[in-house]
Amino acid sequence: MITPQNIFRHELIGLPVKVNESSHEGFIGIHGKVVDETKNTITVDVDGTEKQVPKNVATFHFKLPDGTVVEIDGRIIVARPEDRIKKKFRKYW
């Protein structure tokens, strides 16, 4: 089960996401469902259009299946999804 404490170790594909902050103004406010993830980007389906958002310049709000919204700094999750599962994370809250 995905919780705010273990979201780093779970698959992000399929979760609703919103770009809350970004150093590039064009990415702020993008919201939809995560359809793909690479080492440096998250691809979001926005009304049938796919948009790629670089992880290292954005802060994301992920909505978990239980309705909880978790804010994650994209710099923390810059890694291939399969490597991120093995990575040790410091406690961030």
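The values are calculated or read from the model by the stated rules, or taken from the named source; none is laboratory data. Predicted, not measured: the structure shown is a model, and the values here were computed from it. Methodologically, a virtual Cβ is constructed for each residue, glycine included, from the backbone with ideal geometry; neighbour enumeration extends over all protein chains shown. Just the protein is used for accessible areas: all its heavy atoms, side chains included, with ligands, DNA and RNA removed. Shrake-Rupley method; radii C 1.70, N 1.55, O 1.52, S 1.80 Å.
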Taking the conditions exactly as written (of a type in the set (D, E) and either closer than 19 Å to A79 by Cβ or at pLDDT below 95 (or both)), does E11 satisfy them or not? yes
If a residue has to be in a strand (DSSP E or B), open to solvent by less than 60 Å² (accessible area, probe 1.4 Å) and either under 15 Å from V78 (Cβ atoms) or not small (G, A, S) (or both) to count, how many in segment 30-52 make the cut? 9
Exactly one of T41, T3 is within 11 Å of the chain's Cα centre (by Cα) and on the phi < 0 side of the Ramachandran plot, and that residue is T41
Given the condition within 22 Å of K86 (Cα to Cα) and within 11 Å of the chain's Cα centre (by Cα), answer yes or no: does some residue in segment 19-29 qualify? no
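Taking segment 69-91 on its own, how many of its residues are more than 17 Å from V19 (Cβ to Cβ) and either in a helix (DSSP H, G or I) or modelled with pLDDT of 95 or more (or both)?
Counting residues in segment 69-91 that are more than 17 Å from V19 (Cβ to Cβ) and either in a helix (DSSP H, G or I) or modelled with pLDDT of 95 or more (or both) gives 4.
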For a quick check of your reading of the model, give me the residue pairs whose first member lies in segment 28-49 and is of a type in the set (A, V, I, L, M, F, W, C), whose second is open to solvent by 80 Å² or more (accessible area, probe 1.4 Å) and modelled with pLDDT under 95, with beta-carbon atoms closer than 6 Å and at least 6 apart or on different chains. none
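Identify all residues within segment 4-27 that are open to solvent by less than 40 Å² (accessible area, probe 1.4 Å) and either among the hydroxyl-bearing types (S, T, Y) or free of Cβ contacts under 8 Å to residues at least 12 places away in the same chain (or both); write none if there are none.
S22, the sole residue that qualifies.
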